1. Please report, ordered by residue number, the strands (runs of 3 or more DSSP E) entirely within the stretch 70-131 with at least 2 residues that are at pLDDT 95 or above.
2. Just a yes or no: is a residue in the stretch 47-61 at pLDDT below 95 and either farther than 20 Å from Arg131 by Cβ or hydroxyl-bearing (Ser, Thr, Tyr) (or both)?
3. Can you report the number of residues in the stretch 126-142 which are surrounded by 12 or more Cβ atoms within 10 Å (Cβ to Cβ) and among the basic types (Lys, Arg)?
4. Kindly indicate whether any position in the stretch 142-160 is in contact with a Lys or Arg (Cβ under 9 Å, 6 or more places away or on another chain), at pLDDT 95 or above and polar (S, T, N, Q).
5. How many residues are farther than 29 Å from Leu175 by Cβ, touching a residue at least 40 places away in the same chain (Cβ under 8 Å) and loosely packed, with under 13 Cβ neighbours inside 10 Å when one looks only at the stretch 103-122?
6. From Gly60, Gly64, which residue is closer than 15 Å to Met126 by Cβ, surrounded by fewer than 18 Cβ atoms within 10 Å (Cβ to Cβ) and touching a residue at least 12 places away in the same chain (Cβ under 8 Å)?
7. For Arg46, all conditions in the list (1) free of Cβ contacts under 8 Å to residues at least 40 places away in the same chain; (2) among the charged types (D, E, K, R); (3) within 23 Å of Ala149 (Cβ to Cβ) hold save one; what is the number of the exception?
8. Just give me the residues in the stretch 143-178 being loosely packed, with under 13 Cβ neighbours inside 10 Å, small (Gly, Ala, Ser) and within 17 Å of Ala37 (Cα to Cα), in sequence order.
Amino acid sequence: MIILPDPDPGPDSGGDGEAAGGSVPRPGARVVLVDAADRLLLFSSRNRDGTLRWYTPGGGLRPGESHRDAALRELHEETGLTEVALGPEVWRGRPWTTERDGVTYEVRQRYYLARVPVLEIDTTRMEDFERASVTGHRWWTARELAETADLLRPAGLPRLLAGLLADGPPRRPVLVDG
């Protein structure tokens, strides 16, 4: 497990310019949303080969938006939740690239922990492109995550969630793939 140094105390806006290899930077914020039953909320999308990929709520930062503000905005859009107490950044994703509409983006994600009561979520505020790509959502136990053959993001999610539930948030964000 790689623990990152203390985060930069400066503003954490999206930034601009070019990332490595001529790609466009795309900073992202995600929420590790855990309910009172210790279940994790994940959304699903289909991979090109038809298999399912599961991931936490979140998305890209808007210009001038902080990671924390983006995490709360995305959480509201994707789940209907407001007034969520966003906890610490627990994971930081290694950069990876993706292509959309002919543009290559370098994605750099931060993951924040939030605890909520057991509840149903409301996806009616999702943006059109999210509705087109999201195939479902569900609450997962650590055991269910460990038993699925579906692709989970970030990689190692069953182990990462089990560690959070057993030990609480790390002092500094843990570097993850995805």
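1. Details: elements: 86-94, 96-100, 103-116.
Of the strands (runs of 3 or more DSSP E) lying wholly inside the stretch 70-131, those with at least 2 residues that are at pLDDT 95 or above span 86-94, 103-116.
2. yes
3. 1
4. The answer is no, given that none of the residues of the stretch 142-160 is in contact with a Lys or Arg (Cβ under 9 Å, 6 or more places away or on another chain), at pLDDT 95 or above and polar (S, T, N, Q).
5. Qualifying residue count, the stretch 103-122: 3.
6. Working: Gly64 fails: closer than 15 Å to Met126 by Cβ.
One residue alone meets the criteria, Gly60.
7. (1)
8. Across the stretch 143-178, the qualifying residues are Ala166, Gly168.
The values are calculated or read from the model by the stated rules, or taken from the named source; none is laboratory data. Predicted model only: the values in this text are computed from it and were never measured. So basically every Cβ, Gly included, is an ideal-geometry build from the backbone, and we count neighbours across all protein chains shown.
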